[in-house]
Structure formats: C-alpha cells, structure tokens
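What follows is a short report on a single structure.
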Amino acid sequence: MAKKALGLKELIAIAIGGMVGGGIFTILGISVAMVGALAPFAIAIGGVFALFAAYSYVKLGVYYKDEGATYAFFKRTYPNSHLAASFIGWYTIFGYISTLALYAYTFSSYALSGYGENEYYTKALAVGIIWIFALINIWSVKGMGKLEDFMVYIKLFILLSISIALIYFAKVDMHTFLETLKSDFANSTIFQILTVSAVTFVAYEGFQLVINAVNEMDNPDINIPKAIYTAVVIVALIYFIIALGSVLSIPAQDLIKNKEYALASGAKVIMGPIGEKLVVLGALLATSSAISGTMFGSSRQMARIADDGYMPKVLQKRRGTIPTVAIVSMATFGSLLIVSGGLRVILEFGSITFLLVSLLMAIANFKIKEKTKTHPIFALIAIIGLIVGAVLILYYEYKTEYEQLIFIVAIYALLSLGAFIYSKFKEKND
C-alpha cells in the first residue's frame, strides 16, 4: 500500500498552524485588562477548555474516520435529522470563514505596520494573501503539507525566541511579579479568570482541522489522537510563555492600550527595531500557516456537506482528493468579509460558534460513548466544561458588547435561514 501524503509531523503542523494564528497577538490586551498579571494563567486554562473539546473530537474522529469531521460526526450520530445536519454544517463552515478572514487581515496589518495605516491597502493585501494560499491548496496536498511544516516549525522557533527574549529583558523582578500576582488574584474573581479562559478559546480553534485530512494521512487510529493532543499542549505552553514574558517585560498599560500590536511595540521598546521585526515576522508566519491550515481543512468539510445535499452541489467538485470549488468558495467568502469590514464582530461570532459546536460534539460523543470507547465521566466533564465556557462568553458579550451580540444573533438568523432551506430541499429529495 502506498504511503499517504501526510504523516504525524505534517498533521501536528496543520493543527498548530490552525491554532496559532492571529489569536496570541490579539488576546493579550483583553486578558491583561480583565485579570492583570493572571492573564498567562487564564490563557493556559483556556487550553483546558480546548482539551475538553479535543477529547470528543479525537474519539469521534477515530471512530468515524470521516473527512467531514464536525459536520459528519453530528450527522452520523443523529442520522434521522436533516435539520440538525444542515444547521451544524452551515454554522461550522461560516465559523471557519470568519477565522480565515481574521487571519488574513491580521497578516496584512502586521505586514504593513511600518508604513502607516491605510485601510484600502490593508484589505487589498489581506484578500491577496487569501488567494495565494487558495492556489497553494489547489496546487498540491503534499506541497501544502511541506510548506505548512516549514512555516509552523520556523514560526515556533521565532515565537519561543521572542518569549525567551521578553523574559530575559524583563523589567520586573520575580519578587515584585509574585506580589503583583497576589494583588491581582485578590482583586479578581474566579468568574473573571474563567471568563478570560473562555474568551481566549478562539485562540485554540483549529486542532480539529487534522481530522479533515483523514483521507490523506497515515495510521489515523494512532495519528489523530497523537497529533491533536500534542498540538493542544504545545500551543498552550507557547501561549503561556509568551503571555508570561509579556507581562514581565511590557507595562500593563501598554498591553491594554496597544492590544493587537502590544507585542510588536513592547519588543521595540525592550529590544529595539530588531525585536519589533522579529515579532512582526512571527506574526506573519503565524497567520500564514493558520490561513493555509484553515483553508485545507474547512474546504474539505464544505465539500463533504455539499456531497450530502446541504449546500450547493457545485461545491463537491474535486480534482483527485482536492476540493477545488470549495477552496475557491472559501477564499471568495473570506474576501467578501474582509472587504465589508466588521472583522471584530465576525471574530466574536467565530469564537461563540466554535465553542457551541464543540459542545455539540461532546454531546454526540456521549450519546455513542460505548461505540467510541469513551469513559462516561470524562465525557460529562467535557460537556460541563464546555457549557460553562459557552455561558461565560455569552454573558461577557452581553455585558460588554451588547450591540455586537445583537449583530451576531442577526448573522445566526441568516445562516439558520440558509440551513433551513437546504434541509427542506434534502427532505423533498429523499
């Protein structure tokens, strides 16, 4: 039997590439504003929420071995509900499209950060980078995998270098930091810390993209769990180290004020222009690999949904195993989101969507726990943990961004309408 195109190394790269996108460069300011020096620990706890979600994905992925992943798992677990299959398919795909647009916009913002702000140039470059990676994904699975290897592992080296440099140049001694931690802990509630963990869940989204590559991977029974668990732990560790280095070396008020560019501006102050350039390079590699990994996995899921009749049939067309029309469609919708603006709203929509979808996966896994060889206690812990995360992030949106929450509800209404129409088409054709 011929060896498949993607081995464990490529699969770990896809998972890490999907997770380490623009997230770590944008969540620091919000986290520090909410819980101060406790931010690194709150972000790391976000990795626990990710492991709750990963557990169900791994069990379902090994059992079903279906490139449709999220959508296919739910559909096959509830085979008699066209509505359920259509809804989860539409929500998941447009959640991926929102993150695709965010990664491209973040790439463009960092790439042009030294040339002043120009919204038109930023959007033009963001659209361009989406289409570059669309063409790479259409070109070759093996080519995409090798490029992902290069980008992810170089990116990890740069991010760890940034972390070490931030800690080395730290302006706060350990005694002072521990006193700050004690003070921030006294002034923060467990509710606030867990809310930060839930809000940062979006920075861990992407590990499930590994399962979309099941048709192109070696040994899925072994490589799916190895790749996903390894990637989540590595990413949680990277986020913790970067966040710790940041709060040790960059004044809290700067992290809160600069938000998206906190790492770059902080590195410039501490290490000079070279430090700033290193952070920018890390951001460009992070977003590039996230665009590539997200494009790879989500396009296969879109094609799978079209195969089943819950999206336009044209999306199922493939060249070999490569879903060319789905890739073009992902790039098109991502570009439209960038051009139309409002990416912050789309980002929050994506964060809520993936947390809720992960909860549905945990419920599906519990339903067939005997078949997936799932321990019932672990399954219940995953469900409870994800419910807590979903409630926390919705409450946070309600209290801090009420108008944004209303807009997100409107997006859900439009997607629900599309999902409802295609579920009815499917019922008529059966």
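Considering only Leu178, Ile27, Thr332, and ranking their Cα positions along the charge dipole of the range 8-423 that arises from unit charges at the beta-carbon of Lys, Arg, Asp and Glu, the one farthest toward the positive end is Thr332.
Across Ser113, Ser31, Ser246, mean-square fluctuation computed from a Gaussian network of the chain (C-alpha pairs under 10 Å connected) peaks at Ser113. Taking θ as phi - 60° and the Karplus parameters 6.51, -1.76 and 1.60, the scalar couplings of the range 220-235 work out to x, 4, 9, 6, 4, x, 4, 5, 5, 5, 4, 5, 4, 5, 4, 5 Hz in sequence order, x denoting glycine and proline. The helix-only estimate of mean residue ellipticity at 222 nm for the chain, built from DSSP H runs of length n ≥ 4 each weighted as -39500 (n - 2.57), is -27500 deg cm²/dmol after division by the residue total. Axis of helix 23-35 versus longest Cα principal axis of the chain: the two differ by about 60°, to the nearest ten degrees.
With +1 on each Lys and Arg Cβ and -1 on each Asp and Glu Cβ, and nothing else charged, work out how big the dipole of the range 8-423 is about its Cα centre, in Debye to the nearest 20.
Working: 28 positive and 24 negative charges, 176 e Å.
Value, rounded to 20: 840 debye.
Once R0 is set to 22 Å, what does the formula 1/(1 + (r/R0)^6) return for the Cβ-Cβ distance between Asp218 and Arg319, expressed as a FRET efficiency to the nearest 0.05? With R0 = 22 Å, the Cβ-Cβ based efficiency is 0.50. In terms of packing, defined here as the mean over residues of other Cβ atoms within 10 angstrom, the peptides 402-414, 276-288, 324-336, 72-84 line up highest first as 276-288, 324-336, 72-84, 402-414. Label-to-label distance for Lys426 and Asp307 is 1.4 nm, based on points extended 7 Å past Cα in the beta-carbon direction. A simple rule links phi to the HN-Hα coupling: the Karplus curve 6.51 cos²θ - 1.76 cosθ + 1.60 with θ = phi - 60°, which for the range 36-45 gives x, 5, 7, 3, x, 6, 5, 5, 5, 5 Hz, with x for Gly and Pro. Using θ = phi - 60° in the Karplus curve 6.51 cos²θ - 1.76 cosθ + 1.60, the 3J(HN,Hα) couplings for the range 292-306 round to 5, x, 5, 4, 4, x, 5, 5, 5, 5, 4, 5, 5, 5, 5 Hz; x is entered for Gly and Pro.
Each of the peptides 221-232, 309-320 was scored by the mean count of other Cβ atoms within 10 Å over its residues; in descending order, highest first, they stand as 221-232, 309-320.
Across all directions, the average projected area of the convex hull around the alpha carbons of the range 196-283 is 7.2 nm².
In the chain, the longest principal axis of the Cα atoms and the axis of helix 402-429 are about 20 degrees apart. Checking [x] 27, 60, 12, 0; [y] 24, 54, 21, 0; [z] 25, 59, 16, 0 against P(r) over Cα pairs in 20 Å bins from 0, in percent calculated from these atoms, the matching label is [x].
For the chain, the longest principal axis of the C-alpha atoms and the axis of helix 8-19 are separated by about 70°.
Express the relative contact order of the range 1-127 as a whole percentage, based on alpha carbon pairs under 8 Å and six or more residues apart in sequence. Spell out each step's value before the answer.
Numbers: 49 pairs, mean separation 20.6, N = 127.
Once normalised by length, the contact order is 16 percent.
FYI, it's all coordinate maths here, none of it is from the lab. If you're wondering where the values come from, they're calculated on a predicted model, not measured in any experiment. Virtual Cβ from ideal backbone geometry, glycine too; neighbours counted across all protein chains shown.
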